[in-house]
Every structure is written in C-alpha cells, then in structure tokens.
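Everything below concerns the one structure shown next.
The values are calculated or read from the model by the stated rules, or taken from the named source; none is laboratory data. Source: prediction; values computed, not measured. Here the Cβ positions follow ideal geometry from the backbone for every residue, glycine too, while neighbour counts run over all protein chains shown.
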Amino acid sequence: MSQQEVLFSAKGITKSFSGNFALKGVDLEVHPGEIVGLVGENGAGKSTLLKIIIGAQPQTDGTMTMHGKSYQPKNPMDGNREGIGMVFQEQSLIVNLNVAQNIFFGHEKNYRSKAGFINWGRLNKAAEEVLHDCDIANLPVKKKVIDLNFATRQMVEIAKVVNVARRDDGKQCLILLDEPTSVLNEEEVQTLFKQMRKLASKGHGVVFVSHRLDEVLSITDRIYVYKDGSSVASLPTREASEVKLYELMVGRDSSNEYYQLHTQIKPEPEVVLETRNLGKFGCFKNVSFQLHKGEILGFCGVVGSGIEDICTVICGDESPSAGKIFLHGKEVSFSSPANARKDSILMIPKERLAEGIVGILSVEENIALSNLERMRVGPFVQASRIRKQALSWINTLKIKTPGPKTLIMLLSGGNQQKVVFSRALASESDIIILNHPTRGVDVGAREEIYTLIRQIVARGKSVILLGDTLDECIGMSSRIIVMKDGLITAEFDASVGHKPSQVDVVSHMM
C-alpha cells in the first residue's frame, strides 16, 4: 500500500453541545505508515475529534471513511472491529479487573472453548505476548489494575490498544493516542515512541496528541494545528518548529475592548493570600506566590500542569502534602470547601454538572446556596429575599429561564453556568477562584461576565483565574503565573500596556 493511499479520512466534522460548537467542520487524513500529530490549546477540539473517531461520541455533521469505505461507529467496540483503537486521556481501564482481562476486554470470545467457557490460560498467555511486543517487562498479567501505579496503568492502556493492531485479516489499523505521555517518565516515553515507530513500520496509522511540542516534533511525520474547534494548518513535521506551532496555535492578538481593559485597576500592595512551597504529591510542588487585594491573578498551563490541583487545595477540596497557606498573614488549613468559605474563599468549579449545581433545586435556590445566612430573618430563611436576589442576578446576567423557581436542570448549559457564577458573586467572598468561568457561555454573556469580574476587583475583592482560553487569561489578568509539569516556569506582568504575547506565554507552557 503506497504512502499516498488514505487509511482514514474525516471531512467536515462538526460537533455541537447545547448549541456550542466544539468542532467546526474539521478535516483529518491519515496515510498508511504515517504518524500524525494534533496540537492546540486546551479546548481546541483535539480530544473531541478522537472520541468521535473511536465511536465514544457521535458527530453533529461530517463524514468519515476507513479503508475507503464509509465509517460510522456507534460505540468504541464498532471502532475496534474496524481496526481503530484509542488510549483515552482519562484512562479507560476497569480497575477491579486484572491486566489480561483489561487487554482483551470485549474480545474474550476469541478465547472461548468449545463448551463456551473462556480459556483463561490461553488468554493470559496471549496477554503476556502483547506485553512482550510492547517491551513491557515484569508485569504479571493476573495483577489487578487497581494495584498498579498510574504510569503502569498507562502502559497497559497502550498494550490494550496495540492489541487492536494484531489483526488476523492483515488490514492496517489506526491507533489514537490522546496525551499518552502525560504520566510517563522519559524511559517509558521512549518505549512508547519505539512502539509507535514499530506500528508505523507495519503500515498502521497513528494519531498522536500531546501538549509537549518537542515530543510531537520528534515522533511525527505530519502535524495538524487546531484552534477554537477549527483546523488552522496542516504541515509536514520537517517544515515545523516550536515557534511556528506556537504562532499557529494562538492566532491573532486579543481585543482590548473585549476584555474591558479600560477598567483594569492596579492591585493594592496588601497581600490577602500567600502560598509558600506548596505541594501536592503527584500534581505540583514548590509553588510560592502572593495574591494582592484587587488583583486578578491568572494561572496558565495545559492539562496536567498542576494549575487546577492548586485551586482544589486552596479552596479546601483537597489537602496539600507540603508547604503552607497564609490568609492575611495568618497560616491557615482548610479541611473542606465549607471551611474555606467561612474564611471568605470560594471557587467556581469547571465541571458545573458534577460540582457546580444541584439539579433538583430551583434557579433561586442554587443562587442562594453560598449566602443563606444573609437570607435569614431570625432563625428562618426568608423566601422573599431569596426571590429578590435571584431576580436581580437573572436580570444582571441575562439568564434565560422561565422564572426563578424553574429547576436549574431544565436550563441550557450556558445558563446553568451563569447561575453558578451568580452564586459566587452573591457570596461576596473576598477571594474568588474562577475555574473556567465562561465555559459554555455565549460571546455576549462572556462580555457581561468580564465586566462583573472587573467590578468585583474594583470593590477590593481578589480573583484567581483559570481562563477558558489563553487569550482570556492574558486579557483579564493583572499578573500571570505559568506552570508546566507541576512547576512554575514563568511569571508575567499583565498590567495595561504590558500584556505578554500569547506566544511568550505558550512557550513556557509546553
């Protein structure tokens, strides 16, 4: 099969979630024996595309072909049957099963006896052969996954996917790798690269997603660059460089008006929050910074950089394994988010469905959750105060709801996010951690939220911001801390007139 033949093709793939587009008509083509890299910021659409290809999600529009024939999987098993395997970013192993059972999960029928029972001896031996082919030594196939560390689990994930390529019909396969190196050490990364080259040498195609551009440049033949759900470039790796990829990823500079720069204030000298050598084992270490009164402190980093873990520690959701936290100069320790809330620290979580809303409560009740004490008259919560507060925020943020008593679960995703944001603002906390506060919110509502954030700090409050995009973080922040692999790699002044370029920030993230 020649290099010019197409193994897999995706054309015009679009994906919409509640009216918000994660993919906007992207194309992808993989030839036999080719390793293709996908790069882009968080939220660019890379993982979404891979999930569509494997069958974990359906596309809203667009077509796919595999071996020149129409390909429309309904689930990952359909993808496996067509010779497509994927290592998911979140890992997909079943931890109460052993290594062999995970490698052949869904394919056990190939090892059934004539009586219909699984021949565990044959299956275990086959698993050992797969691990041997992947250069994974000294891993007992009968050992349960729950007893393995995270990096070893990732190697099992890779072995599971490599097994897809061991087809009896001789057809070439497509292997999708979504951030497979994020938890691997250098030796394990090189073992993975060896397997990728081995697969390509046999005519299989590999799609490799990584935030580490040096890895992408070292292992791929061709690179697609994604931005905001669109494919902005496709180029041979030999024509690429880290600087060129940075520039393609970040695109044009931000609009100063969009982020209300004319209202950005200079923070006061007073330090309201400080961390000293803060660490959480396996996530981040030696993180020291100060947050000033009236400051928007932005944290930039890719998935796995540690920025989100820092926020969960500061808001009391998890405990640090090292270091100290000081609030107004006094050392503090938070055992829970409720404990942090008492000290006037509140976070808007990224996952609103799992952490941000109570679906069986109304809009007005969700908004009031963070400040019920102020809704009391004597020992009772006053319904009229809850209603008045809700109507004010519904009007301010233009929340589309039939009324304040509507169940929040009946609202669109973007409007649910506005309710979560309203609750944080209504709490009047001194320190608000905004973890992707505009995710799933339309452009008009984003500008309204940016205005509100400016108003918050103008009143002397302080904000830690994990922006939904790099552009947002730079545009809104007074100062920016950049992290990579759990360590602070750079700090930028982001005052008006001194905003760093996106390329400068990205170069320290990846």
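Scan Q172, Q101 and give me the residue that is on the phi < 0 side of the Ramachandran plot, part of a loop (DSSP other than H, G, I, E, B) and of a type in the set (S, T, N, Q).
Every option except Q172 fails the conditions.
Among the residues of segment 14-70, write down those that are among the hydroxyl-bearing types (S, T, Y) and surrounded by 18 or more Cβ atoms within 10 Å (Cβ to Cβ).
S47, T48
Quick one: which strands (runs of 3 or more DSSP E) lie wholly within segment 285-384 and hold at least 2 residues that are over 30 Å from V39 (Cβ atoms)?
322-327, 330-332, 345-348
In segment 65-89, what residues are more than 20 Å from I158 (Cβ to Cβ) and assigned to a loop (DSSP other than H, G, I, E, B)?
Listed by number, the residues that qualify are H67, G68, Y71, Q72, P73, K74, N75.
Okay, residues lined up against (1) more than 30 Å from G12 (Cα to Cα); (2) modelled with pLDDT under 95:
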site: P236; (1), (2): no, no
site: L245; (1), (2): no, yes
site: E270; (1), (2): yes, no
site: L273; (1), (2): yes, no
site: Q290; (1), (2): yes, no
site: G301; (1), (2): no, yes
site: C311; (1), (2): yes, yes
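So is Q101 farther than 15 Å from V164 by Cβ, over 22 Å from the mean Cα position of the chain (by Cα) and not assigned by TED's automatic domain parsing to the domain that holds D468 or not?
yes
Okay, residues lined up against (1) assigned to a helix (DSSP H, G or I); (2) in the same structural domain as D228 (by TED's automatic domain parsing); (3) β-branched (V, I, T):
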{"position": "S47", "(1), (2), (3)": "yes, yes, no"}
{"position": "I52", "(1), (2), (3)": "yes, yes, yes"}
{"position": "T63", "(1), (2), (3)": "no, yes, yes"}
{"position": "N96", "(1), (2), (3)": "no, yes, no"}
{"position": "F105", "(1), (2), (3)": "no, yes, no"}
{"position": "K114", "(1), (2), (3)": "no, yes, no"}
{"position": "R122", "(1), (2), (3)": "yes, yes, no"}
{"position": "A127", "(1), (2), (3)": "yes, yes, no"}
{"position": "D135", "(1), (2), (3)": "no, yes, no"}
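Any residue that is at pLDDT below 80, in contact with a Leu (Cβ under 8 Å, 6 or more places away or on another chain), surrounded by 18 or more Cβ atoms within 10 Å (Cβ to Cβ) and more than 15 Å from F208 (Cα to Cα) - is there at least one of those in segment 158-169?
For segment 158-169, residues at pLDDT below 80, in contact with a Leu (Cβ under 8 Å, 6 or more places away or on another chain), surrounded by 18 or more Cβ atoms within 10 Å (Cβ to Cβ) and more than 15 Å from F208 (Cα to Cα): present.
Here is a list: T181, T152. Which entry is more than 21 Å from the chain's Cα centre (by Cα), modelled with pLDDT under 90 and at negative phi?
Within the list T181, T152, the selection yields T152.
Residue-wise test of (1) more than 20 Å from Q502 (Cα to Cα); (2) outside any helix (DSSP H, G or I); (3) modelled with pLDDT of 80 or more.
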{"residue": "F421", "(1), (2), (3)": "yes, no, no"}
{"residue": "L425", "(1), (2), (3)": "yes, no, no"}
{"residue": "S429", "(1), (2), (3)": "yes, yes, yes"}
{"residue": "T438", "(1), (2), (3)": "no, yes, no"}
{"residue": "Y450", "(1), (2), (3)": "no, no, yes"}
{"residue": "R454", "(1), (2), (3)": "yes, no, yes"}
{"residue": "G460", "(1), (2), (3)": "yes, yes, yes"}
{"residue": "I464", "(1), (2), (3)": "no, yes, yes"}
